[in-house]
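Here is the structure we will look at, set down as structure tokens.
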Amino acid sequence: MIIIDGDYPMAHNGLKFQRDLTKPISEVRSAGIINSELDSNGHSVMASLPEMRKGEVAVAIVKVVCCILRPGNDHGDVPTDLHAYASGKSQMAYYHMLETMRQVKLLKFQNEFKEHMDLWLNEDDHMDSPVGMVLGMEGADSITTPDQLQEWYDSGLRLISLSHYGVSRYSHGTGTGTKGGLVGHAKELLQEMDSLNMILDVSHTSDESVRQELEIFEGPVIATHQNCRSITPGERQFPDHQIKSVIERGGVIGHSMDTYMLWNKEIDWANIPSVRPFPKDEVTLENYVDHIDHVCQLAGNSFHAAIGGDTDGQGGMIGAPYEIDTVADYQKIVQLLEQRGYESEDIENIMYKNWQRFFELYLPT
């Protein structure tokens, strides 16, 4: 079955660890082992473009990810605005070069998305097909001022989450608790996003920031990789009322494969353990499907839950559910949904149609 993956920070890891993600997954993993000082998790990589084709991943929301290193944010990876801007631009260039190489197709407009999906849905073998990509930004530190947004939009950026880890330029995010809200010129950025008909991603954003965002921002809203706090405690997951807010806005919630977001005990997101305090087999795809099912029950239908793999964002397969070795194993979700009584139409909604409908409606014309 076709899959649309709601979250894959491809360029960040590809550039940081010098991975050649045009190669088969076995070659990417062996290169990581050889260069273990550079890429200690290279043996754990879940995705490459050939592996995505093998797993029938027609489209991924790929990310530009960059955090400025600030007091209290040891997750930051660059020191200044200049570095944040340049890092973001280099990641955008990575995706554009993949398109030049005909490895991917950047889906910037409704018609491009529809044509790409028609191609994938009407061919039997995808191994020579470009993988579709919608460009997003996870944490907006690379956008140094709101009036710079047009430049990013013209390069193909279509969706933004204001925060990632720590306090970003615009809002409180993961690891800052739930009460801190928007900061700086967040309102101006959200208004500029509205004017360009961009999409707001509320993932990685504190409860108070989400509340304020939804009051200001009038456009389409999604959560690319977000799980349910009522199942997995902790600030990184959303409480039910926020899930309902996304549903009420017609949004889609992609569910993360990160086992920190699936383990049934709470972790401290301000002090994430460097090694997972549980064996890999303690978190399974059944736990993952629990979150999908919870959103479907809250919505009363299957139109708002989707896949949001956080693919390789959690350190690869060592941080994914027990049954997951590569992105091709996302297909195993289908059988688990069938076993829970989901009909074929509902399963198609979750695996790809919800994301498809959303982007065919809300990408610019």
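If you check every pair at least six apart or on different chains, which have Cβ atoms under 7 Å apart with a residue in the range 222-240 that is more than 14 Å from residue 313 (Cβ to Cβ) first and a residue that is assigned to a loop (DSSP other than H, G, I, E, B) and acidic (Asp, Glu) second?
233/266; 234/266
Within the range 273-289, which residues are surrounded by fewer than 16 Cβ atoms within 10 Å (Cβ to Cβ) and part of a loop (DSSP other than H, G, I, E, B)?
Of everything in the range 273-289, those that are surrounded by fewer than 16 Cβ atoms within 10 Å (Cβ to Cβ) and part of a loop (DSSP other than H, G, I, E, B) turn out to be 273, 274, 275, 277, 278, 279.
When you scan the range 153-169, how many residues do you find that are surrounded by fewer than 23 Cβ atoms within 10 Å (Cβ to Cβ) and at positive phi?
1
In the list 140, 93, which residue meets the criterion of being of a type in the set (A, V, I, L, M, F, W, C) and crowded, with 23+ Cβ neighbours inside 10 Å?
Result: 140 is the single residue among 140, 93 that is of a type in the set (A, V, I, L, M, F, W, C) and crowded, with 23+ Cβ neighbours inside 10 Å.
(1) in a strand (DSSP E or B); (2) closer than 19 Å to residue 319 by Cα; (3) of a type outside the set (S, T, N, Q): which one isn't true of residue 64, the others all being true?
(2)
Would a scan of the range 139-157 turn up a residue that is under 29 Å from residue 268 (Cα atoms), in a strand (DSSP E or B) and touching a residue at least 40 places away in the same chain (Cβ under 8 Å)?
no
Looking at the range 67-116, which of the residues that are small (Gly, Ala, Ser) and outside any helix (DSSP H, G or I) is farthest from residue 201 (Cα to Cα)?
Per the stated criteria, the residue is 72.
When you scan the range 180-225, how many residues do you find that are part of a loop (DSSP other than H, G, I, E, B) and among the polar types (S, T, N, Q)?
Matching residues across the range 180-225 total 4.
Select, from 51, 27, the only residue that is assigned to a helix (DSSP H, G or I), in contact with a Ser or Thr (Cβ under 6 Å, 6 or more places away or on another chain), under 23 Å from residue 331 (Cβ atoms) and not β-branched (Val, Ile, Thr).
Answer to the selection: 51.
Among 333, 292, which is the only one that is in contact with a Phe, Trp or Tyr (Cβ under 8 Å, 6 or more places away or on another chain) and not in a loop (DSSP other than H, G, I, E, B)?
That would be 333, the only listed residue that is in contact with a Phe, Trp or Tyr (Cβ under 8 Å, 6 or more places away or on another chain) and not in a loop (DSSP other than H, G, I, E, B).
Within the set of pairs 6+ apart or on separate chains, which have a first residue in the range 165-181 that is in contact (Cβ under 8 Å) with a residue 60 or more places away in the chain and under 18 Å from residue 226 (Cβ atoms), a second that is among the basic types (Lys, Arg) and part of a loop (DSSP other than H, G, I, E, B), and C-beta atoms under 7 Å apart?
From the range 165-181, the pairs are 174/236.
Confirm whether residue 308 is of a type in the set (Gly, Ala, Ser), modelled with pLDDT of 95 or more and in contact with a His (Cβ under 6 Å, 6 or more places away or on another chain).
yes
Could you tell me whether the range 254-267 includes any residue that is among the small types (Gly, Ala, Ser), under 19 Å from residue 332 (Cβ atoms), touching a residue at least 12 places away in the same chain (Cβ under 8 Å) and in a loop (DSSP other than H, G, I, E, B)?
There is at least one residue in the range 254-267 that is among the small types (Gly, Ala, Ser), under 19 Å from residue 332 (Cβ atoms), touching a residue at least 12 places away in the same chain (Cβ under 8 Å) and in a loop (DSSP other than H, G, I, E, B).
If you take the residues of the range 333-357 that are of a type in the set (S, T, N, Q) and either touching a residue at least 12 places away in the same chain (Cβ under 8 Å) or closer than 24 Å to residue 113 by Cβ (or both), which of them is surrounded by the fewest Cβ atoms within 10 Å (Cβ to Cβ)?
344
Hey, can you tell me all the residues within the range 10-56 that are acidic (Asp, Glu) and on the phi < 0 side of the Ramachandran plot?
Listed by number, the residues that qualify are 20, 27, 37, 39, 51.
The values are calculated or read from the model by the stated rules, or taken from the named source; none is laboratory data. Values in this document were obtained by computation on a predicted structure and should not be read as measured data. Please note: Cβ atoms are built from the backbone with ideal geometry, for glycine as well, and neighbour counts cover all protein chains shown.
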